[in-house]
Amino acid sequence: MLKRLLYAALLVIAVIVAAVAWNTWRLTSRQLMVTPAAPLALEREAVAGRLAGALKFRTISDPASGDVNAEEFERMQAYLAQAFPRMHAALKREMIGHSMLFTWQGSDAQAKPVMWLAHQDVVPVAPGTEANWQQPPFDGVVKDGFVWGRGSWDDKGSLVAQMEAVEYLLASGYQPRATIYFGFGADEEVGGRRGAVEIARLLKSRGVQLDYVLDEGMLVTEGIMAGVSKPVALIGVAEKGYASVNLEVTTAPGHSSMPPHNTAIGMMSAALTDLERKQMPAELSGVARDAFDIIAPEMQGMNRVALSNLWLFGPLVKKQLEQSAGTNAMLRTTTALTVVHAGNKDNVLPGRADAVVNFRIRPGDTVGGVMEHVKQAVNNDAVHAALDVGASEPSRISPIESAQYALINRTIREVFSDAAVAPGIVIGATDSRHYKDVSEHVYRFSPVRAGPDDLPRFHGTNERIGIDNYLEAVRFYVQLARNGK
């Protein structure tokens with residue numbers, strides 16, 4: 001009997017090993033086979049200089065008013081008109097507040113138009129960090145092979161690269177077959193309500209339906225994804241929703257010499273601890289599963305084995321992915337404790353404690369589900385929870401089995417020929433979410449390379465872009481326009 005059980009166990013192990021080996025061996029690359037695009041005759045220093053010029057303007061948006069820094073936006077727009085005369089002469093420009101809508105008329109009136117997005121506004125420099133910049137953030141310096149300045153990546157780099165592409169194509173006599181719209185918002189960093197929302201509403205009122213929308217988003221990552229030696233270019237097919245929840249505890253204030261068993265700070269601390277400890281569930285499914293299925297053949301060693309056999313290693317892979325902040329954010333609705341206020345004197349028990357918890361909502365979860373999770377995780381009626389203004393549901397997921405996705409995929413492969421391409425989820429918010437009523441194919445990709453040292457520069461100190469990297473971005477937009485024929 002024991003021998004039979006042993007033989008049966010060995011047989012099961014052999015079958016599992018064989019299945020794992022077979023799945024790993026038969027997995028072949030799903031990357032498109034393309035011919036790399038030919039280099040463009042771009043004047044390197046002149047192209048870099050035009051981007052640097054756009055970085056000199058402090059186009060910092062304000063959530064309360066579009067008139068804040070209005071002169072800076074107007075000065076930058078005048079500069080762009082001077083720097084890109086062909087585009088401003090050949091394309092129709094409409095102003096929506098300080099946001100711009102350009103129309104490049106296509107040769108085929110029956111072809112469905114497309115839209116490229118970028119934004120003019122930038123975030124401010126954190127007070128007290130100005131001295132930490134190697135180059136002043138608003139001087140637009142070209143030095144050591146980089147263009148330095150706030151907005152060089154987010155997102156004037158994309159905006160000016162698109163203008164460079166149009167200028168280059170117009171100089172060669174090119175006209176797109178399908179009309180291309182360019183939506184350059186002036187308030188993306190504060191929600192896009194005055195820019196992208198109004199541009200999308202205008203297009204909808206005109207009956208415009210777009211073949212696809214392309215906005216800023218995911219990057220060509222280098223040395224970031226464990227187990228992959230080549231760069232990985234991720235196309236954002238969805239973006240997370242957003243919800244901030246205000247927590248409040250009120251009690252009777254008192255003297256610190258006679259503290260009660262439950263204080264406002266104590267109850268708030270317990271609530272925040274519960275929320276951080278009881279995270280919403282992680283799932284290796286949907287876009288995350290698609291991404292790892294496509295990336296698996298590009299991996300080596302045990303990473304390839306594990307991702308090729310998620311039926312067996314799924315729980316282990318998920319646990320491993322949860323250890324990294326970047327990959328954890330792909331799997332779940334994240335919980336971030338961002339603001340806490342309580343007390344103003346060391347010997348006084350405050351009668352109130354307030355906190356804000358920010359959630360980035362995974363597609364599949366909802367704002368309502370977040371509020372229910374908060375209620376269950378805290379489980380204390382003394383802690384009042386209220387949804388802050390500005391919450392938004394996750395975007396819908398744009399298909400990867402579509403001609404529109406294939407177009408962007410092919411263009412990336414032609415320009416970044418050393419990169420593997422896969423879908424992904426944008427964990428931040430972009431203007432693209434406001435265009436859901438005018439297109440079913442909304443994608444988010446920024447054609448720039450980024451390594452581990454680059455990611456902190458987004459909204460951080462020493463934002464910069466390599467000149468060669470920036471030239472690749474221009475090539476990408478030129479190639480995307482040409483491929484749209």
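The values are calculated or read from the model by the stated rules, or taken from the named source; none is laboratory data. Values in this document were obtained by computation on a predicted structure and should not be read as measured data. Don't worry about glycine lacking a Cβ; one is built from the backbone with ideal geometry, like all the others, and counts go over all protein chains shown. Accessible surface areas use protein heavy atoms only, side chains included; no ligands, DNA or RNA. Shrake-Rupley method; radii C 1.70, N 1.55, O 1.52, S 1.80 Å.
Which residues does a label at THR129 reach in region 444-463, if reach means a backbone N under 14 Å from a point 7 Å past the Cα toward the Cβ?
Answer for this model: 454-463.
In region 294-369, what trypsin sites (Lys or Arg not before Pro) fall in a loop by DSSP, with at most 10 other Cβ atoms inside 10 Å? Don't jump to the answer; show the numbers that get you there.
Details: sites: ARG304, LYS318, LYS319, ARG332, LYS345, ARG352, ARG360; in loops: ARG332, LYS345.
The qualifying sites are LYS345.
Using the beta-carbon distance between LEU32 and ASP67 and R0 = 56 Å, what value does 1/(1 + (r/R0)^6) give for FRET efficiency, to the nearest 0.05?
Working: r = 47 Å, r/R0 = 0.84.
The pair LEU32/ASP67 has a calculated efficiency of 0.75.
Using modelled amide H (1.01 Å from N, peptide plane; none on Pro or chain starts), what sits under 5 Å from the amide H of PHE146, excluding residues fewer than 5 places away?
ILE467
Which whole-number value in Å³ per residue fits the convex hull of the alpha carbons of region 197-246? Can you show the working numbers first?
Values: hull volume 7.1 nm³, N = 50.
Each residue corresponds to 142 Å³ of Cα convex hull volume.
Provide the per residue accessible area, probe 1.4 Å, for region 234-357, rounded to a whole number of square angstrom. List each step's numbers first, then the result.
Values: 6050 Å² over 124 residues.
It amounts to 49 Å² per residue over region 234-357.
For region 105-122, what does the Karplus curve 6.51 cos²θ - 1.76 cosθ + 1.60, with θ = phi - 60°, yield as ³J(HN,Hα) per residue in whole Hz, taken in order and with x for Gly and Pro?
Result, rounded to whole Hz: 5, x, 7, 10, 5, 8, 6, 5, x, 10, 9, 10, 10, 6, 10, 7, 7, 10.
Determine the relative contact order of the chain: mean sequence separation of Cα pairs under 8 Å and six or more apart, normalised by residue count, in whole percent.
25 percent
Order these peptides, 380-393, 437-450, by their mean beta-carbon neighbour count within 10 angstrom, highest first. Numbers along the way, then the final one.
Details: 380-393: 14.2, 437-450: 22.8.
Answer by packing, highest mean first, reads 437-450, 380-393.
For region 240-387, with only Lys/Arg (+1) and Asp/Glu (-1) charged at the beta-carbon, what is the dipole magnitude about the Cα centre, in debye rounded to 20? Before the final figure, lay out the partial values.
Working: 13 positive and 13 negative charges, 34 e Å.
Result for region 240-387 is approximately 160 debye, rounded to the nearest 20.
Could you derive backbone 3J(HN,Hα) for region 30-47 from the dihedral phi with the Karplus parameters 6.51, -1.76 and 1.60 (θ = phi - 60°), listing whole Hz in sequence and x where the residue is Gly or Pro?
For region 30-47, the Karplus-derived couplings read 9, 7, 5, 8, 9, 9, x, 5, 5, x, 9, 7, 9, 7, 3, 5, 5, 5 Hz, x marking Gly and Pro.
Can you give me the orientation-averaged projected area of the convex hull built on the Cα atoms of the chain, in nm²? Present the calculation step by step, with values, prior to reporting the outcome.
Working: hull surface 119.3 nm².
For the Cα atoms of the chain, the hull's average projected area reads 29.8 nm².
Can you list residues whose amide H is under 5 Å from HIS441's amide H, if they're 5+ apart or on another chain and H is modeled 1.01 Å from N?
Here VAL213 satisfy the definition.
Would you mind checking which residues have amide H under 5 Å from ILE60's amide H? H placed 1.01 Å from N; only 5 or more apart, or other chain.
Amide H neighbours of ILE60: VAL122.
Give the Cα extents of region 240-387 along the principal axes, in whole Å, largest first.
64, 28, 21
Just to check I understand the Karplus step: with θ = phi - 60° and J = 6.51 cos²θ - 1.76 cosθ + 1.60, what whole-Hz values come out for region 267-275, glycine and proline as x?
5, 5, 4, 5, 4, 5, 4, 4, 5
Heavy atoms only, probe 1.4 Å: what % of the accessible area of the chain goes to carbon and sulfur, would you let me know? It would help to have the intermediate numbers written out before the result.
Working: 12180 of 22300 Å².
Whole-percent figure for carbon plus sulfur exposure: 55.
Filter the trypsin sites (Lys or Arg not before Pro) in region 167-246 to those in DSSP coil with at most 13 other Cβ atoms within 10 Å of their Cβ, and list the result.
Numbers: sites: ARG177, ARG193, ARG194, ARG201, LYS204, ARG206, LYS240; in loops: ARG177, ARG193, ARG194, ARG206, LYS240.
Within region 167-246, the qualifying trypsin sites (Lys or Arg not before Pro) (loop, at most 13 other Cβ atoms within 10 Å) are ARG177, ARG206.
Measure off 7 Å from each Cα along the Cα-to-Cβ vector at VAL340 and GLU283, then give the distance between these two points in nanometres to one decimal.
For VAL340 paired with GLU283, the spin-label model returns 3.2 nm.
In the chain, what percentage of the DSSP-assigned beta bridges are antiparallel, given to the nearest 5?
Details: 45 of 68 bridges.
Rounded to the nearest five, the antiparallel share is 65 percent.
What spacing in nm lies between the two simple spin-label points modelled at THR250 and ASP388, each 7 Å away from Cα in the Cβ direction?
So the label points at THR250 and ASP388 sit 2.1 nm apart.
Efficiency by 1/(1 + (r/R0)^6): what FRET value for ALA46 and LYS92, r their Cβ-Cβ distance, R0 = 25 Å, to the nearest 0.05? Walk me through the intermediate numbers first.
Details: r = 26 Å, r/R0 = 1.05.
The computed FRET efficiency comes out at 0.45.
Just the number please: accessible area per residue for region 410-474, 1.4 Å probe, all protein chains included, in Å².
Working: 1960 Å² over 65 residues.
Here the residues of region 410-474 average 30 Å² of exposed surface.
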